[in-house]
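Everything below concerns the one structure shown next.
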Amino acid sequence: MALSRSKMALMRHRTANRSGIVIRRRVTPAGDILVTLLTPQGKLKAIARGGVKGPLSSSLNLFHHVGVQVYQGPHNDLASIKQAVLEGALPKLAEPERYAFAHLIAEFADALFQEGEFSEQAFELFAGALRGISHQQDAEWVALVMSYKLLGLAGILPQTARCARCGNPDPIHPDPLGGQLLCGNCAALPPYPPESLDFLRGAVRRTVRANIESPVPADQRPALWRALERFVSVQIGNVQSWRQLVPYAEAGQI
């Protein structure tokens, strides 16, 4: 009896309840569902064994906010999902013009934040990004603003006060390699328009609301996306499918 109680206590110790948003989902050939959740306690990777044919399948969809019960076995690196309850969903994210940006922001969060890394702010900011992409008319602008805000929260900030190459103050030109800013002496591209330059210098410092209420014109946004992609690629690594998920200007533009 004592042994049985000991085993039960150990099992309870290895079982945990978590609430989070599905930011990555993959189905294996065996019918298991591999998911990554962003939770207030950090990123969590788990597996729902046989989940495709079971009741967990409909809950563990991309962008769903779910409550899960996970069990961490003594010899398993990956936690197993025993139960999953849908706590919230944003149906409009299935719309093509919104899904692409929701997918991008999810990939970005996955690249920025590590497993076990506590960040309630990251969870709240990401959840707010999905809500904004779902509800706001200008989903692209929301995604761009929230991408820069997530980058700032991670503490990985582009240099905007000085030239990324020589250190001269007040650079205003794009850096085609590193996604930062260059001075006139180091630059080969025309300067950013005033609206784009103001966004790059103040996006992280300003509140989300202030950024959203001052959108950069649509024709200037491809350059901002390219700058973000290049900076992230150098500082963090490649975000898959980036070029397919965001709009780009014609070749030769900033």
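Fewest first, what order do 22, 142, 204 take by the number of other Cβ atoms within 10 Å?
Values: 22 21, 142 27, 204 16.
Least crowded to most crowded, the residues run 204, 22, 142.
Dipole size in debye (nearest 20) for the chain around its Cα centre, Lys and Arg Cβ +1, Asp and Glu Cβ -1? All intermediate terms of the calculation are to be shown ahead of the outcome.
Values: 27 positive and 21 negative charges, 234 e Å.
My answer is approximately 1120 debye.
Fewest Cβ neighbours within 10 Å first, please rank 32, 138, 219 accordingly. Could the numbers behind the result be given before it?
On the way: 32 17, 138 14, 219 10.
Ordered from fewest to most neighbouring Cβ atoms within 10 Å, 32, 138, 219 come out as 219, 138, 32.
Which helices, counted as full DSSP H runs in the chain, have an axial Cα extent of no less than 20 Å and a Kyte-Doolittle average of 0.0 or above? Before the final figure, lay out each step's value.
Details: long enough: 96-112 (24 Å, 0.33); 120-135 (22 Å, 0.21); 139-153 (21 Å, 1.22); 221-235 (21 Å, -0.09).
Passing helices, by number: 96-112, 120-135, 139-153.
Straight-line reach from residue 53: which lysines have a Cα under 18 Å away, not including same-chain ones fewer than 8 places off?
82
Longer than 20 Å from Cα to Cα, which of 45/92; 43/149; 92/149 are they? Say none if no pair is.
On the way: 45/92 26 Å; 43/149 18 Å; 92/149 23 Å.
In this structure, 45/92; 92/149 lie more than 20 Å apart at Cα.
Taking H as built 1.01 Å from N, whose amide H comes closer than 5 Å to the amide H of residue 180, not counting residues under 5 places away?
Counting only residues 5 or more places away or on other chains, the set is 175.
None of the figures in this text is laboratory data; all of them are computed from the coordinates on show. Note that the structure is a prediction, hence the values are computed from the model and not measured. Virtual Cβ from ideal backbone geometry, glycine too; neighbours counted across all protein chains shown.
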